[in-house]
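Enquirer: The structure's right below; bear with me while I get my questions together.
The values are calculated or read from the model by the stated rules, or taken from the named source; none is laboratory data. Being a predicted model, the structure only gives us computed values, none of them experimental. Glycine gets a Cβ as well: all are built from the backbone with ideal geometry, and neighbour counts include every protein chain shown. For accessibility, only protein heavy atoms count, side chains too; no ligands or nucleic acids. Shrake-Rupley method; radii C 1.70, N 1.55, O 1.52, S 1.80 Å.
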Amino acid sequence: NSIIENNYKVVIGVRNKIPRFSEKLFNIYTKNIHGLIDALSGMKAYSVDIFNFIDIKKFKNSIGTYYALESSRNNNNIKQININVIDRIDGQARIGNTCKVEFNIIKALVGCILVDIFYKISMGLKKWLK
């Protein structure tokens, strides 16, 4: 309802618990640069019209996070809502072993930082060339 009623392009669920250290680092960065409190949350909804500006093939493993970050870079209307996370009964993460997951999230953070740097440079060049 938030997307349709308020013309939000992205709605992101903000978890009350962040399980991994690397996710906490990622969230510190995205909160300060993009205003996104929990960019890695798996609870996201998107307006269909934002799918036109992103090459899906490049970001198949982190497509949801990439859409959220690109929406922020393009100043789309984003809503963040609090969600409660319930501990898993088996106590295990679903994705690989802990070290591998931590490494992949740090790698994604570095990629995000690089994209933000190049985006800022390109925006500066566009303004300068006008």
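Enquirer: When Ala39 is evaluated against the numbered criteria (1) open to solvent by 30 Å² or more (accessible area, probe 1.4 Å); (2) modelled with pLDDT of 90 or more, which criterion, by number, is the only one it fails?
Expert: (1)
Enquirer: Also, quick follow-up: Just the residues that are outside any loop (DSSP other than H, G, I, E, B), within 19 Å of Gly111 (Cβ to Cβ) and open to solvent by 30 Å² or more (accessible area, probe 1.4 Å), please, taken from the range 4-33.
Expert: Phe21, Lys24, Leu25, Ile28, Tyr29, Lys31, Asn32, Ile33
Enquirer: Which is more than 22 Å from Ile33 (Cα to Cα), modelled with pLDDT of 85 or more and not hydroxyl-bearing (Ser, Thr, Tyr), of Asn84, Asn104, Asn52?
Expert: Working: Asn104 fails: more than 22 Å from Ile33 (Cα to Cα); Asn52 fails: modelled with pLDDT of 85 or more.
Result of the check over Asn84, Asn104, Asn52: Asn84.
Enquirer: Taking the range 73-90 on its own, how many of its residues are within 18 Å of Lys31 (Cβ to Cβ), in contact (Cβ under 8 Å) with a residue 40 or more places away in the chain and open to solvent by 100 Å² or more (accessible area, probe 1.4 Å)?
Expert: 1
Enquirer: OK, next. Identify the residue in the range 20-41 that is without any contact (Cβ under 8 Å) to a residue 24 or more places away in the chain and of a type outside the set (D, E, K, R) and, among all such residues, is nearest to Asn75 (Cα to Cα). Working first, answer last.
Expert: The initial filter retains those residues of the range 20-41 that are without any contact (Cβ under 8 Å) to a residue 24 or more places away in the chain, namely 24, 27-28, 31-32.
With the extra rule that they be of a type outside the set (D, E, K, R), the set shrinks to 27-28, 32.
Working: Asn27: 19, Ile28: 19, Asn32: 15 Å.
Taking the candidates together, the pick is Asn32.
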